[in-house]
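Right, one structure below, let's go through it.
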Amino acid sequence: MDGAALIHRLHFAFTVTFHYLFPQLTMGLALLIVVLKTMALRTGNDAYNQAARFWAKIFGINFLMGVVTGIPMEFQFGTNWSHFARLTGGVIGQPLVMEGVFSFFLESAFLGLFLYGEKRLGPKGHWWAAFLVFLGSWLSGFFIIVTDAWMQHPVAYQRFADGSFQVISFWGLLFNPWALLQYAHNMSGAVITAAFVMSAVGAYYLLEGIFIEQGRIFLRVGVIAGVIFSILQIFPTGDLHGRYMAQHQPVTTAAMEGLFKTETGAPIVILGQPDEEHRRIDNPLAVNKVLSFLIYGHTSAEVKGLNEFPKDVWPTNIPLLYYSYHIMAGLGTIFVAVMVVAVFLLWRKKLFASRWMLWILMLCLPFPYIANTAGWMTAEIGRQPWLVYNIMRTTEGYSKNVHAGNALFTLLGFMGLYTVLAILFLYLVHREILHGPGGAVTDVNLAGPITVA
Amino acid sequence: MLFVWFWLVAVMITAYVVLDGFDLGAGVLHLFIAKTDEERRTVIRTIGPVWDGNEVWLLAGGGTLYFAFPLLYASGFSGFYLPLMMVLWLLVLRGIGIELRGHASSHVWRGFFDGCFGISSLLLIIFFGAALGNVIRGVPLQKDGYFFLPLWTDWRVGPRPGVLDWYTVIAGLVALVALTVHGAHYVALKTDGELNLRARRLAGMLWPALLIVTLLSLWATLSVRAELLNNYKNYPVLFVIPAAVAASLICMFVFRWKTNDKAVFLSSSAFLIFMLVGAAAAVYPNLLMSTTDPTLNVTVYNAATGQHSLSIGLIWWGFGMALAVSYFVFIYRMFKGKVTQTGTGGYA
């Protein structure tokens, strides 16, 4: 891979990784806010409305960051990956336009009403505004997953003599089995982030001794959502996705698991460092036969190792792929353990007094972000060396007319700009958390601009 | 089919310019006509509920271009790499400026966000105008359909142009004057009192400038690319478009004199629409012209996606856009009326 190709890959990797720190919370929080609004409607307890208002403020800042870092993504297909764009516009142009037409218009229209229209809309109307924002953000996620899933597992297309693609089945593209599995797994991951963030803020309030009543609501909703979705993340979504992948990208599965040689009754490697040169795992901590069982349902099944595949179809960075996958799966397992204990304490009515558990929940805050990022890295590094799996190589897709110097210039520009964004984001969110929930319905004339974020 | 998709893309870009145009214009002028913190907040509140939705037209338009004419999207976006990346950075800064101002608690920070909003709006308008200028002037397309433009070369319109030359600078200037006037009309429509008066006065002062730069751009365009008159010569009925441009300029003048803010705003919207429609009618079926060899032009014929994709596209696109337009009608009705500086009127 020459210099320019590497810079173009880093360019996309950096901007998309930074971008996805925000939508994962937006999408998860949108669901939890609908839950809070529903509880408020059903119980008539205004504390739930206050909780929803507090999270709406965090949501607004987070959504803005998602929007401004998301716009560059749509353009980078053309700027940095022009040859890929030229050939695939007839396929993935479709879900990308659908995202704009079906979800961005919806979200942008109703977010302003949701953030600042509570008085004007009344309780039911405001619930609908929250619901439509949730719907818009989850649809947006769906169209992006459809786009990525087509690159992972191309379906419903036809290729012309000049190499370009077009869709031959509208529904076939939207209901690509890979997309459905990946969507379920990804959205559950987004709710995990929101659940951990919500319970971390609740835990912080209880530990600090401020906003006690709200802190308890955050913990209750966060922990219950957390236990449900961290279990769903592993079973069935992760399990099904992993099996489907083993079937369609066996070389990726072998690299993720660090399986260099084909084995019957293959072990699962829990810890260890892959040594690509000598084709082995150093310092392995492995459990026999588990991998065969996980993929094929019986302990003696044969799992193909990397040795079965020519080296030019191996993922290009096997150690990074292996670590991304292990970090994702390891953290996912820890999330289940943390949330099961927390929900048990909640059930025994001991959670709010268990300071050690509150400390754990608070300190867990960054880890769902790491797990979601590692999950996406597993998917995208695992797709290498292909841009469109088994059809078009990554080295064929980038903009040959944009040389490495220009691409590096703009990559550095994005790094600088996004550092500023990150600082502003952390500062503003921290201030909102300290300011805390409470107060009446936001009054537009006191709150400043009516914004759509 | 190709004709239809050409015009769908043109309509989306036009919708973007008319809608986001007024919030870009408001961004430029708020530094000049809004003196106090309260007034600046009021200007931002006039666009607050709608700017993000307006910007979605850019995304949806760009996406539609990608879907319908992948070669144009690929060639144009990579060829205009540097200015486009700068546009993306400016869009980030503008969004931050509009939205985070309300979170700032000190004058210094508010000044910072006001500056972000104003300067990025100004530069975005100039970039968008220059971009249109580049498309009309043409680019050094190569045999493989790609090109790469430096930011500037010798500022001349030759076979080796840069993004900026005397012609595209004029185009940027036209955009700046036109959208500032359009933004002033919008702010006048949505405010009352002192702000309303200042916005009207600014629009009045800029009207002669708009007339001059419009004529200047017409002359410059025909001297750079005389063949743009070909479509007009073949279909003389198209001359109604420049006539409509002239009529909307006159309407702007007349309705401002009658102080009908709504009609003035609609006139400048019509002006922008007819200017863009006129340009689109002149370039069709070309999408991007070569400065060296007309056989290398990117046209609707060589840039389009397969027929099947385009046919089913019409169905879902039409359905989605009908939904989108209904949200817009709903939102603009929810937030209709003037924004008052104090009290509970307007959007409360």
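Which of the residues belonging to the range A:44-68 are more than 7 Å from chain B (Cβ to nearest Cβ), of a type in the set (V, I, T) and under 30 Å from B:F77 (Cα atoms)? Even if it seems obvious, please write down each step before you answer.
Pass one, the range A:44-68, residues more than 7 Å from chain B (Cβ to nearest Cβ): A:44-63, A:65-66.
Next, only the ones that are of a type in the set (V, I, T) stay: A:58, A:61.
Correct list: A:I61 only.
Just wondering, is there one or more residues in the range B:78-97 that are basic (K, R) and either without any contact (Cβ under 8 Å) to a residue 60 or more places away in the chain or surrounded by fewer than 24 Cβ atoms within 10 Å (Cβ to Cβ) (or both)?
Going through the range B:78-97, the residues basic (K, R) turn out to be B:94.
This time we only want the ones that are either without any contact (Cβ under 8 Å) to a residue 60 or more places away in the chain or surrounded by fewer than 24 Cβ atoms within 10 Å (Cβ to Cβ) (or both), so: none.
No, there is no match, as no residue in the range B:78-97 is basic (K, R) and either without any contact (Cβ under 8 Å) to a residue 60 or more places away in the chain or surrounded by fewer than 24 Cβ atoms within 10 Å (Cβ to Cβ) (or both).
Out of the residues in the range A:119-160 that are within 23 Å of B:L71 (Cβ to Cβ) and more than 24 Å from the chain's Cα centre (by Cα), which is surrounded by the fewest Cβ atoms within 10 Å (Cβ to Cβ)?
That would be A:F160.
Inspect the range B:40-59 for any residue being within 24 Å of B:I170 (Cβ to Cβ), within 11 Å of chain A (Cβ to nearest Cβ) and either in a helix (DSSP H, G or I) or under 16 Å from the mean Cα position of the chain (by Cα) (or both) and give the result as yes or no. Spell out how you get there, then give the answer.
Restricting attention to the range B:40-59, the residues satisfying the condition of being within 24 Å of B:I170 (Cβ to Cβ) are B:58.
Now restrict to residues that are within 11 Å of chain A (Cβ to nearest Cβ): B:58.
Of the ones still in play, those that are also either in a helix (DSSP H, G or I) or under 16 Å from the mean Cα position of the chain (by Cα) (or both) are B:58.
The answer is yes; a qualifying residue exists.
Given the conditions (1) farther than 24 Å from B:Y16 by Cα; (2) of a type in the set (S, T, N, Q); (3) assigned to a helix (DSSP H, G or I), which single one is not true for B:S248?
The single condition B:S248 does not satisfy is (1).
Between a residue in the range A:401-426 that is over 21 Å from A:F75 (Cα atoms) and of a type in the set (A, V, I, L, M) and any residue that is at pLDDT 95 or above and surrounded by 21 or more Cβ atoms within 10 Å (Cβ to Cβ), which pairs come within a Cβ distance under 8 Å, given they are 6 or more apart or on different chains?
Taking only residues 6 or more apart or on different chains, not a single pair turns up.
Can you name the number of the only condition in (1) crowded, with 24+ Cβ neighbours inside 10 Å; (2) touching a Lys or Arg at 6+ places or on another chain (Cβ under 9 Å) that B:R40 fails?
With respect to (1) crowded, with 24+ Cβ neighbours inside 10 Å; (2) touching a Lys or Arg at 6+ places or on another chain (Cβ under 9 Å), B:R40 is out only on (1).
Residues in the range B:67-87: is at least one facing another protein chain (nearest Cβ under 7 Å) and closer than 24 Å to A:G112 by Cα?
Checking the range B:67-87: not a single residue is facing another protein chain (nearest Cβ under 7 Å) and closer than 24 Å to A:G112 by Cα.
Which ones in the range B:154-184 are in contact (Cβ under 8 Å) with a residue 12 or more places away in the chain and charged (D, E, K, R)?
Selection gives B:R160, B:D165.
I'm told B:E194 meets every condition in (1) modelled with pLDDT of 95 or more; (2) within 22 Å of B:L29 (Cα to Cα) except one. Can you identify the failing condition by its number?
(1)
Return only the number of the condition from (1) loosely packed, with under 13 Cβ neighbours inside 10 Å; (2) more than 22 Å from B:A131 (Cα to Cα); (3) without any contact (Cβ under 8 Å) to a residue 12 or more places away in the chain that B:T259 does not satisfy.
Single failed check for B:T259: (3).
Being surrounded by 22 or more Cβ atoms within 10 Å (Cβ to Cβ) and of a type in the set (G, A, S) is the filter here, so list the residues in the range A:183-193 that pass it.
If the condition is that a residue be surrounded by 22 or more Cβ atoms within 10 Å (Cβ to Cβ) and of a type in the set (G, A, S), then A:G189, A:A190 are the ones that fit.
Only one residue in A:L306, A:L219 is surrounded by 15 or more Cβ atoms within 10 Å (Cβ to Cβ) and at pLDDT 95 or above, so which one is that? Write out each step before concluding.
Values: A:L306 fails: at pLDDT 95 or above.
After ruling out the rest, the residue left standing is A:L219.
One residue is enough: does the range A:23-40 have a residue meeting the conditions touching a Gly at 6+ places or on another chain (Cβ under 8 Å), over 21 Å from A:I228 (Cβ atoms) and crowded, with 19+ Cβ neighbours inside 10 Å?
Checked against the condition, which is being touching a Gly at 6+ places or on another chain (Cβ under 8 Å), over 21 Å from A:I228 (Cβ atoms) and crowded, with 19+ Cβ neighbours inside 10 Å, the range A:23-40 yields no hits at all.
Going by the conditions given, is B:W155 on the phi > 0 side of the Ramachandran plot and either more than 14 Å from chain A (Cβ to nearest Cβ) or crowded, with 24+ Cβ neighbours inside 10 Å (or both)? Break it down into steps so the answer makes sense when it comes.
Working: on the phi > 0 side of the Ramachandran plot: yes; either more than 14 Å from chain A (Cβ to nearest Cβ) or crowded, with 24+ Cβ neighbours inside 10 Å (or both): yes.
Judged against the criteria, B:W155 is a match.
Name the helices (runs of 4 or more DSSP H) wholly inside the range A:235-345 in which the number of residues that are of a type in the set (K, R) is 1 or more.
Numbers: elements: A:239-248, A:250-257, A:290-296.
Qualifying helices (runs of 4 or more DSSP H): A:239-248.
Going through A:V146, A:V133 one at a time, which residue ends up being farther than 30 Å from B:L82 by Cα and either more than 7 Å from chain B (Cβ to nearest Cβ) or modelled with pLDDT under 95 (or both)?
Details: A:V146 fails: farther than 30 Å from B:L82 by Cα.
Being farther than 30 Å from B:L82 by Cα and either more than 7 Å from chain B (Cβ to nearest Cβ) or modelled with pLDDT under 95 (or both) holds for just one of A:V146, A:V133, which is A:V133.
Is it the case that some residue within the range B:14-22 is within 11 Å of chain A (Cβ to nearest Cβ) and out of contact with any strand residue (DSSP E or B) (no Cβ under 7 Å at 6 or more places or on another chain)?
Initially, the range B:14-22 is screened for residues within 11 Å of chain A (Cβ to nearest Cβ), giving none.
No, the range B:14-22 contains no residue that is within 11 Å of chain A (Cβ to nearest Cβ) and out of contact with any strand residue (DSSP E or B) (no Cβ under 7 Å at 6 or more places or on another chain).
Among the residues of the range A:161-182, is there at least one that is buried (at least 22 other Cβ atoms within 10 Å of the Cβ), more than 9 Å from chain B (Cβ to nearest Cβ) and over 19 Å from A:I391 (Cα atoms)?
Yes, because at least one residue in the range A:161-182 is buried (at least 22 other Cβ atoms within 10 Å of the Cβ), more than 9 Å from chain B (Cβ to nearest Cβ) and over 19 Å from A:I391 (Cα atoms).
Within the range A:114-131, how many residues turn out to be closer than 14 Å to B:M334 by Cα, in contact (Cβ under 8 Å) with a residue 24 or more places away in the chain and of a type in the set (D, E, K, R)?
Total satisfying the criteria: 2.
Does any residue of the range A:105-113 turn out to be more than 7 Å from every other protein chain (Cβ to nearest Cβ), in contact (Cβ under 8 Å) with a residue 60 or more places away in the chain and among the aromatic types (F, W, Y)?
No, the range A:105-113 contains no residue that is more than 7 Å from every other protein chain (Cβ to nearest Cβ), in contact (Cβ under 8 Å) with a residue 60 or more places away in the chain and among the aromatic types (F, W, Y).
So A:I210 clears everything in (1) outside any helix (DSSP H, G or I); (2) buried (at least 23 other Cβ atoms within 10 Å of the Cβ); (3) not charged (D, E, K, R) except one condition, right? Which one?
(2)
Just one of the numbered conditions (1) under 23 Å from A:P385 (Cβ atoms); (2) within 20 Å of the chain's Cα centre (by Cα); (3) aliphatic (A, V, I, L, M) is not true of A:L240; which one?
(1)
When you scan the range B:28-35, do you find a residue that is aromatic (F, W, Y) and crowded, with 24+ Cβ neighbours inside 10 Å, even just one? Steps first, answer last, please.
Taking the range B:28-35 first, the residues aromatic (F, W, Y) are B:32.
In the following step, the residues that additionally are crowded, with 24+ Cβ neighbours inside 10 Å were identified as none.
No: zero hits.
Are any residues in the range A:359-405 within 14 Å of chain B (Cβ to nearest Cβ), surrounded by 21 or more Cβ atoms within 10 Å (Cβ to Cβ) and assigned to a helix (DSSP H, G or I), and if so, which ones?
Once the filter is applied, which keeps residues that are within 14 Å of chain B (Cβ to nearest Cβ), surrounded by 21 or more Cβ atoms within 10 Å (Cβ to Cβ) and assigned to a helix (DSSP H, G or I), the range A:359-405 yields only A:G397.
Here are some conditions: (1) farther than 30 Å from A:W347 by Cβ; (2) without any contact (Cβ under 8 Å) to a residue 60 or more places away in the chain. A:T237 meets all but one. Which one does it not meet?
Status for A:T237: all satisfied but (1).
Here are some conditions: (1) closer than 29 Å to A:H11 by Cα; (2) more than 13 Å from every other protein chain (Cβ to nearest Cβ); (3) at pLDDT below 95. A:P437 meets all but one. Which one does it not meet?
(1)
Please count how many residues of the range A:80-104 are of a type in the set (D, E, K, R) and at the interface with chain B (Cβ under 7 Å from one of its Cβ atoms).
We begin by selecting, within the range A:80-104, every residue of a type in the set (D, E, K, R); these are A:86, A:99.
With the extra rule that they be at the interface with chain B (Cβ under 7 Å from one of its Cβ atoms), the set shrinks to A:86.
So the count comes out to 1.
Checking the structure you have, find out if any residue of the range A:36-48 is part of a helix (DSSP H, G or I), modelled with pLDDT of 95 or more and within 23 Å of B:V56 (Cα to Cα).
no
Tell me, yes or no, whether the range B:312-321 has at least one residue that is away from chain A (no Cβ under 13 Å), more than 24 Å from A:L121 (Cβ to Cβ), touching a residue at least 60 places away in the same chain (Cβ under 8 Å) and under 23 Å from the mean Cα position of the chain (by Cα).
Checked against the condition, which is being away from chain A (no Cβ under 13 Å), more than 24 Å from A:L121 (Cβ to Cβ), touching a residue at least 60 places away in the same chain (Cβ under 8 Å) and under 23 Å from the mean Cα position of the chain (by Cα), the range B:312-321 yields no hits at all.
The values are calculated or read from the model by the stated rules, or taken from the named source; none is laboratory data. Computed from a prediction, not measured in an experiment: that's the story for all the values here. We place every Cβ from the backbone using ideal geometry, glycine too, and count neighbours over all the protein chains shown.
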